[in-house]
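First comes the structure, then the notes that go with it.
The values are calculated or read from the model by the stated rules, or taken from the named source; none is laboratory data. Here the structure is a predicted model, which means the values were calculated and not measured. Here Cβ is always computed from backbone atoms with ideal geometry, including for glycine, and neighbour counts include all displayed protein chains.
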Amino acid sequence: MHMTSEGLSLLLEVVAVFVLAWWGFGVGDNAVVHVILGVGAPLAAMALWGAFAAPKAKIKAPLPVVLLVKLIVFGAAALAFYALDQVAVAVIYAAIAILSIVLAALDSDAAYSNGDA
(Lines give C-alpha, C1' and ligand atoms only; values in the text may rest on other atoms or scores of the structure.)
Protein backbone atom coordinates (compact mmCIF):
# COMPACT_ATOMS: atom_id res chain seq x y z
CA MET A 1 0.00 0.00 0.00
CA HIS A 2 2.93 2.34 0.68
CA MET A 3 4.05 2.42 -2.98
CA THR A 4 0.48 3.05 -4.15
CA SER A 5 0.05 5.91 -1.70
CA GLU A 6 3.39 7.52 -2.57
CA GLY A 7 2.91 7.02 -6.31
CA LEU A 8 -0.55 8.56 -6.26
CA SER A 9 0.71 11.51 -4.21
CA LEU A 10 3.56 12.06 -6.67
CA LEU A 11 1.19 12.02 -9.65
CA LEU A 12 -1.17 14.46 -7.93
CA GLU A 13 1.73 16.73 -7.00
CA VAL A 14 2.98 16.88 -10.61
CA VAL A 15 -0.53 17.70 -11.81
CA ALA A 16 -0.82 20.36 -9.09
CA VAL A 17 2.39 22.07 -10.23
CA PHE A 18 1.18 22.03 -13.84
CA VAL A 19 -2.31 23.39 -13.12
CA LEU A 20 -1.05 26.06 -10.73
CA ALA A 21 1.31 27.31 -13.46
CA TRP A 22 -1.50 27.18 -16.04
CA TRP A 23 -3.78 29.13 -13.70
CA GLY A 24 -1.08 31.61 -12.74
CA PHE A 25 -0.10 32.47 -16.28
CA GLY A 26 -3.74 33.03 -17.18
CA VAL A 27 -4.96 35.14 -14.26
CA GLY A 28 -4.81 38.91 -14.18
CA ASP A 29 -4.52 41.56 -16.86
CA ASN A 30 -0.83 42.21 -16.71
CA ALA A 31 2.23 40.29 -17.91
CA VAL A 32 4.05 40.88 -14.62
CA VAL A 33 1.17 39.33 -12.68
CA HIS A 34 1.11 36.39 -15.10
CA VAL A 35 4.80 35.69 -14.54
CA ILE A 36 4.69 36.21 -10.78
CA LEU A 37 1.71 33.88 -10.32
CA GLY A 38 2.63 31.48 -13.12
CA VAL A 39 6.03 30.87 -11.58
CA GLY A 40 5.29 31.73 -7.94
CA ALA A 41 2.25 29.52 -7.32
CA PRO A 42 3.91 26.29 -8.46
CA LEU A 43 7.18 27.21 -6.70
CA ALA A 44 5.29 27.85 -3.45
CA ALA A 45 3.54 24.48 -3.76
CA MET A 46 6.84 22.70 -4.47
CA ALA A 47 8.58 24.43 -1.56
CA LEU A 48 5.78 23.55 0.85
CA TRP A 49 5.69 19.98 -0.41
CA GLY A 50 9.46 19.55 -0.29
CA ALA A 51 9.69 20.96 3.21
CA PHE A 52 6.90 18.91 4.80
CA ALA A 53 5.21 16.28 2.59
CA ALA A 54 7.91 14.71 0.42
CA PRO A 55 9.19 11.26 1.44
CA LYS A 56 12.60 12.86 2.14
CA ALA A 57 11.19 16.14 3.47
CA LYS A 58 13.56 18.68 5.00
CA ILE A 59 11.37 18.93 8.10
CA LYS A 60 10.11 15.74 9.74
CA ALA A 61 6.66 17.02 10.58
CA PRO A 62 4.03 15.05 12.49
CA LEU A 63 1.44 13.22 10.40
CA PRO A 64 -1.34 15.83 10.81
CA VAL A 65 0.98 18.53 9.41
CA VAL A 66 1.94 16.35 6.44
CA LEU A 67 -1.71 15.63 5.71
CA LEU A 68 -2.57 19.32 6.03
CA VAL A 69 0.16 20.26 3.54
CA LYS A 70 -1.16 17.67 1.09
CA LEU A 71 -4.67 19.06 1.57
CA ILE A 72 -3.45 22.62 0.90
CA VAL A 73 -1.50 21.73 -2.26
CA PHE A 74 -4.14 19.40 -3.67
CA GLY A 75 -6.93 21.81 -2.68
CA ALA A 76 -5.19 24.70 -4.43
CA ALA A 77 -4.85 22.57 -7.55
CA ALA A 78 -8.54 21.61 -7.49
CA LEU A 79 -9.48 25.28 -7.07
CA ALA A 80 -7.18 26.20 -9.95
CA PHE A 81 -8.93 23.67 -12.20
CA TYR A 82 -12.25 25.14 -11.12
CA ALA A 83 -11.07 28.71 -11.80
CA LEU A 84 -10.00 27.57 -15.28
CA ASP A 85 -13.60 26.40 -15.92
CA GLN A 86 -12.52 22.76 -15.73
CA VAL A 87 -15.25 21.88 -13.23
CA ALA A 88 -15.46 18.16 -13.98
CA VAL A 89 -11.68 17.82 -13.82
CA ALA A 90 -11.67 19.77 -10.53
CA VAL A 91 -14.21 17.39 -8.99
CA ILE A 92 -12.39 14.27 -10.21
CA TYR A 93 -9.02 15.63 -9.08
CA ALA A 94 -10.44 16.53 -5.66
CA ALA A 95 -11.94 13.04 -5.24
CA ILE A 96 -8.64 11.36 -6.14
CA ALA A 97 -6.78 13.77 -3.84
CA ILE A 98 -9.06 12.86 -0.93
CA LEU A 99 -8.44 9.18 -1.64
CA SER A 100 -4.69 9.86 -1.67
CA ILE A 101 -4.81 11.70 1.66
CA VAL A 102 -6.84 8.89 3.24
CA LEU A 103 -4.36 6.31 1.92
CA ALA A 104 -1.47 8.38 3.30
CA ALA A 105 -3.17 8.58 6.69
CA LEU A 106 -3.82 4.83 6.79
CA ASP A 107 -0.32 4.01 5.55
CA SER A 108 1.36 6.28 8.09
CA ASP A 109 -0.89 5.08 10.89
CA ALA A 110 0.11 1.48 10.09
CA ALA A 111 3.80 2.42 10.10
CA TYR A 112 3.50 4.28 13.40
CA SER A 113 1.54 1.51 15.07
CA ASN A 114 4.12 -1.08 13.92
CA GLY A 115 6.96 1.01 15.27
CA ASP A 116 8.51 1.28 11.79
CA ALA A 117 8.42 5.09 11.60
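Observations, loosely collected:
- Number of the condition not met by Lys58 [criteria: (1) in a loop (DSSP other than H, G, I, E, B); (2) within 23 Å of Leu99 (Cβ to Cβ)]: (2)
- Residue check, Ala90 without any contact (Cβ under 8 Å) to a residue 12 or more places away in the chain and in a helix (DSSP H, G or I): no
- Verdict on Val39 being among the aliphatic types (A, V, I, L, M), out of contact with any His (no Cβ under 6 Å at 6 or more places or on another chain) and either farther than 15 Å from Phe25 by Cβ or not in a helix (DSSP H, G or I) (or both): no
- Selection count where residues are in contact with a Leu (Cβ under 7 Å, 6 or more places away or on another chain) and of a type in the set (A, V, I, L, M), scope the range 73-87: 4
Okay, residues lined up against (1) small (Gly, Ala, Ser); (2) touching a residue at least 24 places away in the same chain (Cβ under 8 Å); (3) in contact with a Lys or Arg (Cβ under 8 Å, 6 or more places away or on another chain); (4) more than 20 Å from Asp107 (Cβ to Cβ):
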residue	(1), (2), (3), (4)
Met1	no, yes, no, no
Leu11	no, no, no, no
Leu43	no, no, no, yes
Pro55	no, yes, no, no
Ala78	yes, no, no, yes
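- Test: Ala51 is more than 11 Å from the chain's Cα centre (by Cα) and either hydroxyl-bearing (Ser, Thr, Tyr) or outside any helix (DSSP H, G or I) (or both): no
- Qualifying residue in the range 10-20 (condition: of a type outside the set (A, V, I, L, M, F, W, C), within 15 Å of the chain's Cα centre (by Cα) and closer than 24 Å to Leu84 by Cα): yes
- Test for Val39: is it within 25 Å of Val87 (Cα to Cα), surrounded by fewer than 16 Cβ atoms within 10 Å (Cβ to Cβ), more than 12 Å from the chain's Cα centre (by Cα) and modelled with pLDDT of 95 or more: yes
- Matching option when the condition is at pLDDT 95 or above and more than 18 Å from Ala45 (Cα to Cα), among Ala105, Ala78, Ala88, Ala94: Ala88
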